[in-house]
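Notes for the one structure printed next.
Derivation of every value follows stated rules applied to the coordinates shown; laboratory data play no part. Computed from a predicted structure; not experimentally measured. Please note: Cβ atoms are built from the backbone with ideal geometry, for glycine as well, and neighbour counts cover all protein chains shown.
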Amino acid sequence: VNTNQLESHYLAGGNVDRVVNALIAAQRADIDLPFSRGAAIDLAGRDVLTAVQMSVNPKVIETPVIAAVAKDGIEVKAKAKVTVRA
């Protein structure tokens, strides 16, 4: 990453610190993330650092219990865990 790239990203309204921290985290996690892609994600309004961290440590979301009753009176309850990766 050179200073011209950092300067142009800053002048475009991007968050240089978040992008650089995301690039460092991606490099440590052996994820290929060029500066241009990280800057584009940042300028699109997404948090690029959180996206990299979610790739490394996926988030597990637990759904509430869903209950239903069949015609014959048997009740079925279901609960799910969803793993989200960025």
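Quick look at the values:
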| quantity | calculated |
| --- | --- |
| Charge tally in the Cβ shell below 15 Å around Lys81, where Lys, Arg are +1 and Asp, Glu are -1, Lys81 excluded | +3 |
| Ellipticity estimate at 222 nm from DSSP helix runs (n ≥ 4, -39,500 (n - 2.57)) divided over the chain, nearest 500 | -13500 deg cm²/dmol |
| Positive minus negative residues near Ala68 (Lys, Arg vs Asp, Glu; Cβ under 15 Å) | +1 |
| Options (1) 2, 14, 25, 25, 19, 10, 4, 1, 0; (2) 3, 14, 19, 15, 11, 8, 6, 6, 5, 5, 4, 3, 1, 1, 0; (3) 2, 8, 6, 8, 7, 8, 8, 9, 8, 9, 8, 6, 6, 5, 3, 1, 0 - which one matches P(r) over Cα pairs in 5 Å bins from 0, in percent as calculated here | (2) |
| Peptides ranked, highest mean first, by Cβ atoms within 10 Å: ranges 34-41, 3-10, 61-68 | 34-41, 3-10, 61-68 |
| Separation of the Ala70 and Asp30 label points, Cα + 7 Å toward Cβ, nm | 4.7 |
| Choice from Asp42, Asp30, Asp72 with maximal GNM fluctuation in the chain (Cα, 10 Å cutoff) | Asp72 |
